[in-house]
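Just so you know, all these numbers are worked out from the coordinates, no wet-lab data involved. Values in this document were obtained by computation on a predicted structure and should not be read as measured data. In this analysis, Cβ positions are derived from the backbone assuming ideal geometry, glycine residues included, and neighbour counts consider all displayed protein chains.
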Amino acid sequence: MFLKRLLIIVLTISVISLNAQIEEKQLDKLIQETLTTFDIPGISVGIFKDGKEVYAKGYGVRSLTTKKDMNDNTLVGVASNSKGFTCFALAMMVDAGKLNWDDKVRKHIPEFQLYDAWVTDNFTVRDLVTHRSGMGLGAGDLMFFPDGNDFDVDDVINNVKHLESETSFRSKFAYNNNMFIIAGEVLKRVSGLSWEDFIETKIMKPVGMTSSKASYNRVTDKSNIIDAHTRAEGKVIQIPHDWSRTANAAGGIVSNVHDMMTWAQFLMNDAVTKSGERLLSERQFYELWQLQTPLGVGPNDSYNSNFKGYGLGWFLTDVKGGHKQVYHTGGLLGTVTQFTMIPDLDLAIVVLTNQMNGNAFNTITNTIKDSYLGYENRDWLKNYGERNVDYLKYNDSIKAEVYAKVVKAQTNLNTPKPNQIVGTYTDDWFGDILISHDGKTYSIKCERSPRLFGELLPYNATTYLVKWNDRSYDADVFMQFTFNEKGDAEFATMKYIAPITDFSFDFHDLELIKTN
């Protein structure tokens, strides 16, 4: 009898630990401290549990300029959390008989072409949305990043053939936004609707996401929307909203915590709306959350995960004891977001921020998740806070060392002369980059992406440093020249100076040939 009672007590404690919610005051305090620790102007957080919203609050300010409060209705660009919508829409087309995941892309976009002819012929719709193209991380992102360039979807389709592979086809995960842009074009061609119209009318409206839009430019009421912020030259500043509508299928959606929790409720209810309408067959919904591209799990994984990988628009893993976690993050210039679901616990966590520091959303999400999984306090704020300080210090030290060498190079007589490097440099997919000299200083300008302009500073006998005028990019690069026997530059490559640079600044993918 004693053993039976003990067993009942143990089981009861287990159930309570899995359903215990972090205390509201404790979470309030954590979020306030997260704002301070990571220098985030504003954060909104939502928790959905057991069929209802149990937490929805905003903290800090949505803009350092206006000082208006961030609240639970504040709109934020959710960025790559849009990818789940794109795949859901494609799955709807599979249900409608207009598409198959393993259709060759050229069946729907005949002009589609990649660097390798065999890969082109065998590339499927499934390959578009599973980050296994063989191209490198962020390959070609400069076609939409930063905003203000003149590339459109047709340019993306026409230019990906110039992006060389780094690994063999389907052998390795490497995040790729341009393949999702092309997936959005597939949706347009098979549905007859633009990606934006499809997402808003076929998904958001029936699901009940009443405040959300498929694109920033579709938000007509901007009275409660964030401004973007980032750390520049050691200080957090406000920057312009930055997202090209060309890439909406990869990351264009604007939403708030209430609508994202509505999305989570819908998904965890097997794609059935609150009114009882099924938007996707059980078979296709099941397919979305199946592993397509594996990722490694480290030996000291924080959640004792056995597997990780990417499904169709979603990251997938298991956490503590085999609970399946479906999740994604998103990042734009000036904002990062995180969306997490553990369906068998009927738990979803949404964290939206207006500053580019993922340590903040990891701190909050992990702390909330731990409380439902029964972990003791692991002090994620302290852990991520220390990592953040070390990482920023490391990157700042690299940049300081590089710029110290730039100062010394000012008196180096061996650096190239203007007549050796001034001119037009052309890349097959990015277009022309112009280098000029006014008698005192060099300037650099990207013709098709005019917000990318700056100064060229001497570094050594073959290399200059590109210092972009917009310091919020944190994307300064080395520009290394190859010279002919006459000493004239013929070719140039770029490489960013510090690892903090966002991978979408893929300057390293440029192969610049001097054309005049």
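According to the square roots a ≥ b ≥ c of the eigenvalues of the Cα gyration tensor, what is the shape class of the stretch 395-514, taking rounded for a/c under 1.5, prolate for a/b larger than b/c otherwise, and oblate for the remainder? Each step should come with its number before you reach the end.
Numbers: a/c = 1.57, a/b = 1.07, b/c = 1.46.
In terms of gyration-tensor shape, oblate.
Here, the chain yields an orientationally averaged convex hull projection of 27.1 nm² when only Cα atoms define the hull.
What net charge is computed for the residues neighbouring L64, neighbours being all others with C-beta under 13 Å from the C-beta of L64, Lys and Arg scored +1, Asp and Glu -1? Working shown, then result.
Values: positive: R62, K67, K68, R231, K235; negative: D39, D69, D227.
Charge balance in the 13 Å sphere: +2.
With each label modelled as a point 7 angstrom along the Cα→C-beta vector, the R471-K235 pair spans 0.8 nm. Under a Cβ-Cβ cut-off of 11 Å, what is the net charge of the residues other than S223 that fall near it, where Lys and Arg count +1 and Asp and Glu count -1? That sum, taken over residues with Cβ under 11 Å, equals +2. Across the stretch 405-432, the residues whose backbone nitrogen lies under 12 Å from the label position 7 Å along the beta-carbon direction of A461 are 413-416. Here the gap between T201 and E164, fully extended at 0.36 nm per residue and compared with their Cα-Cα distance, gives a gain of 9.6 nm.
Gain in length, N71 to S302, computed as 0.36 nm per residue apart minus the alpha-carbon separation, to one decimal in nm? Each step should come with its number before you reach the end.
Numbers: separation 231, 0.36 × 231 = 83.16 nm, distance 3.08 nm.
Between N71 and S302, full extension yields an extra 80.1 nm.
The calculated pair-distance distribution of the stretch 132-278 uses every alpha carbon pair, bins of 10 angstrom beginning at 0, and gives 10, 30, 34, 22, 4, 0 percent. Label positions at Y286 and T411, each projected 7 Å from the Cα along the C-beta direction, are separated by 7.4 nm. In straight-distance terms, cross-link reach from K440 covers every one of the aspartates and glutamates whose alpha-carbon lies under 16 Å from its own, apart from those fewer than eight places away in the same chain; here that gives E455.
Please label the shape of the stretch 166-212 as rounded, prolate or oblate, based on the square roots a ≥ b ≥ c of the eigenvalues of the alpha-carbon gyration tensor (a/c under 1.5 means rounded; beyond that, a/b larger than b/c means prolate, else oblate). Before the final figure, lay out each step's value.
Values: a/c = 3.77, a/b = 2.11, b/c = 1.79.
Note, shape of the stretch 166-212 comes out prolate.
The K399 and N269 beta-carbon pair, evaluated with R₀ = 56 Å, returns a calculated FRET efficiency of approximately 0.70. Look at where the Cα atoms of the stretch 262-330 and of the stretch 96-148 average out, and the two centres are 23 Å apart.
Over 26 Å between C-alpha atoms is what I'm after, so list which of K188/K324; K83/K369; K417/K467; K98/K172; K107/K324; K83/K172 land there. Mind dumping the intermediate values first?
On the way: K188/K324 32 Å; K83/K369 23 Å; K417/K467 18 Å; K98/K172 29 Å; K107/K324 35 Å; K83/K172 19 Å.
Correct reply: K188/K324; K98/K172; K107/K324.
Hey, fewest Cβ within 10 Å first, where do F361, F123 land in order? List each step's numbers first, then the result.
Numbers: F361 27, F123 23.
So the residues, fewest neighbours to most, are F123, F361.
From the alpha carbon centroid of the stretch 365-408 to that of the stretch 426-451 is 35 Å.
Pairs of alpha-carbon atoms within less than 8 angstrom and 6+ residues apart define the contacts here; what relative contact order does the stretch 2-378 have, in percent? It would help to have the intermediate numbers written out before the result.
Numbers: 773 pairs, mean separation 91.2, N = 377.
Answer for the stretch 2-378 is 24 percent.
Label reach from E511 (point 7 Å along Cα→C-beta): in the stretch 164-198, amide nitrogens under 16 Å belong to 164-167.
Ranking of R387, R170 by neighbouring Cβ atoms within 10 Å, starting from the fewest: R387, R170.
Using the number of other C-beta atoms within 10 angstrom as an exposure proxy, rank R283, R218, R278 with the fewest first. Provide the component values of the computation, followed by the final result.
On the way: R283 10, R218 16, R278 13.
Neighbour counts put them in this order, fewest first: R283, R278, R218.
In whole percent, what relative contact order does the stretch 288-435 give with Cα contacts below 8 Å and a gap of six or more residues? Don't jump to the answer; show the numbers that get you there.
Working: 190 pairs, mean separation 14.7, N = 148.
Over the stretch 288-435, the number comes to 10 percent.
Charge tally around I513: other residues with Cβ under 10 Å, Lys/Arg +1 each, Asp/Glu -1 each, net -3. For the stretch 292-339, the relative contact order comes to 24 percent (Cα pairs under 8 Å, sequence separation of at least 6).
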